[in-house]
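Input: a single structure, listed below in structure tokens.
Read-outs: derived from the displayed coordinates by stated rules, not from any lab. A quick note: this is a predicted structure, and the numbers were derived from the prediction, not measured. Because the Cβ atoms are built from the backbone with ideal geometry, glycine has one as well, and the counts that use them run over all protein chains shown.
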Amino acid sequence: MSTTPRIAIAGAGLGGLVCARVLQRHGVPVTVFERDTGPRSRAQGGTLDIDADTGQAALRAAGLFDRFLALSRPEGQEWRLYDRHATLIRHDRADEDDLSRPEIDRGRLRTLLLDSLTPGTVRWGHSIRAVTPLPRGTARLHHHDRTTEEFDLVVGADGAWSRVRPALSDAQPSYAGVTMVEARFDDVDRRHPGIARLVGRGTMSAKAGGHSLVLQRNSDGHVRAYITFRGPQDWHAGLDLADTEAVRARLLARYQGWHESLLDILRDNEGGFIDRPMFVLPVPHSWQRVPGVTLLGDAAHLMPPAGVGANLALLDGAELARAVIDHPTVDEALDSYESVMLPRAADNARAARRMLATLLPDTDSDEAVFPDSLWPDGTLPDPRPARTG
């Protein structure tokens with residue numbers, strides 16, 4: 001560009017951080033605004049599988065691929081499917097030299113990205129209230145402390161409940177009819193050997209109709225459980241979610257008749273349960289070009305968690321940065337970026353919805369169905385459950 005644009009990114013998630021990293025690698029300054037008070041102010045969620053064609057491509061663009069590989073767990077690609085009687089139906093083993101979708105804890109990947117940025121890039125404790133497009137093609141960022149700043153480009157990388165999105169779209173997330181209840185196990189190999197056997201080195205799913213039980217191995221002997229089912233968002237009506245034993249009893253009633261080894265997922269977890277209702281944006285979600293403002297990741301295309309969300313956010317961030325670097329104006333950069341990102345997001349969101357309906361059907365059947373193809377490129381999606389957090 002003939003002049004260096006002033007760029008703000010709302011949200012220090014994976015997509016926003018990789019965008020900032022690629023911009024800085026090419027000498028473009030950027031400021032990231034994050035409502036968290038610091039990099040360790042809250043837990044960052046579970047494990048992610050980083051795909052060769054999307055997330056890994058973004059990390060290569062960021063110059064971080066080798067460091068990512070050093071932190072990743074290729075063996076974590078192992079996956080097991082059980083029925084509700086704990087009969088093993090399918091077992092996909094992963095070799096340690098298989099780098100197609102190695103696992104990494106979300107927190108470790110975020111730290112890798114944060115450490116790669118120029119000190120001071122992230123303004124912690126700065127939440128965004130709104131964004132106003134201005135007639136001259138710039139955008140005004142409104143902070144919660146009522147101060148404002150003007151930028152040539154504001155990127156909404158602030159997730160499902162984005163404060164930037166209303167500058168582009170009236171769309172709001174809606175409940176997808178599925179809830180995930182999260183639980184955890186620590187020091188699993190020593191303290192929970194039955195859980196360790198079920199999950200193996202990677203992920204396990206047990207499915208029956210509109211219910212599933214999922215375990216995912218993270219680093220350092222930590223396992224996360226996701227109790228996933230179709231039902232109303234207020235499935236816990238009359239319960240105090242802080243009352244762990246009452247929630248446990250409600251969940252055990254939902255999974256009555258499942259094998260005892262699987263019910264241990266509900267009985268033996270450490271600490272309480274976290275309710276995570278699943279929300280989605282309309283499909284397709286798009287907008288008319290607005291100078292000076294765009295979106296990436298969940299802010300742009302919140303979809304059922306199907307193993308692609310984090311990968312698409314990373315790819316969005318890297319491609320947006322590359323478009324800014326390669327085009328003479330911000331407007332041309334956004335035209336280039338959105339013309340690719342929006343149709344890709346719509347295709348993947350449709351596929352994710354079909355996969356959710358297929359893998360978690362609204363039926364009492366015990367059969368776990370896997371179609372020949374669901375993704376837009378004609379391939380079978382990763383049948384492992386969502387990476388959350």
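For the chain, what is the relative contact order in percent, using Cα pairs closer than 8 Å and at least 6 residues apart in sequence? Each step should come with its number before you reach the end.
Details: 836 pairs, mean separation 88.9, N = 389.
So the answer I get is 23 percent.
Where both residues lie in the chain, what percent of DSSP beta bridges are antiparallel, nearest 5? Mind dumping the intermediate values first?
Working: 45 of 62 bridges.
Restricted to the chain, the bridges split so that about 75 percent are antiparallel.
Rounded to the nearest 500 deg cm²/dmol, what is the calculated helix-only ellipticity per residue at 222 nm for the chain, with -39500 (n - 2.57) per DSSP H run of length n ≥ 4?
On the way: 11 runs with 118 residues, N = 389.
It lands at -9000 deg cm²/dmol.
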Original post:
What size of dipole, in debye to the nearest 20, comes out for the chain about its Cα centre when the only charges are +1 on Lys and Arg C-beta atoms and -1 on Asp and Glu C-beta atoms?
Top reply: 660
**OP:** For helix 14-25, report the angle its Cα long axis makes with the longest principal axis of the Cα atoms of the chain; keep it between 0 and 90° and round to the nearest 10°.
**Re:** 40
Subject >> Cα convex hull of the stretch 193-301, projected area averaged across orientations, nm² >> reply: 10.2
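What translational diffusion coefficient, to the nearest whole µm²/s, does the chain have by Stokes-Einstein, given a Kirkwood radius computed over alpha-carbon pairs, a temperature of 20 °C and 1.002 mPa s viscosity? All intermediate terms of the calculation are to be shown ahead of the outcome.
Values: Rh = 21.6 Å.
Taking Rh from Cα pairs, D becomes 99 µm²/s.
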Original post:
So for the stretch 61-101, what percent of the C-alpha to C-alpha distances run longer than 12 Å?
Top reply: 65
Original post:
Taking the Cα atoms only, what angle lies between the long axis of helix 330-359 and the longest principal axis of the chain, rounded to 10 degrees?
Top reply: 10
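May I ask you to derive the FRET efficiency for residue 130 and residue 357 from their Cβ-Cβ distance with R0 = 30 Å, giving the value to the nearest 0.05? It would help to have the intermediate numbers written out before the result.
Details: r = 35 Å, r/R0 = 1.18.
Computed FRET efficiency for residue 130 and residue 357: 0.30.
Return the ratio Rg/(2.2 N^0.38 Å) for the stretch 290-370, where Rg is computed over Cα atoms only.
Working it through for the stretch 290-370, the quotient is 1.39.
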**OP:** Calculate the length of the line joining the C-alpha centroid of the stretch 215-281 to that of the stretch 286-333, in whole Å.
**Re:** 34
Original post:
Angle between the Cα long axis of helix 244-254 and the longest principal axis of the chain, 0 to 90 degrees, nearest 10?
Top reply: 70
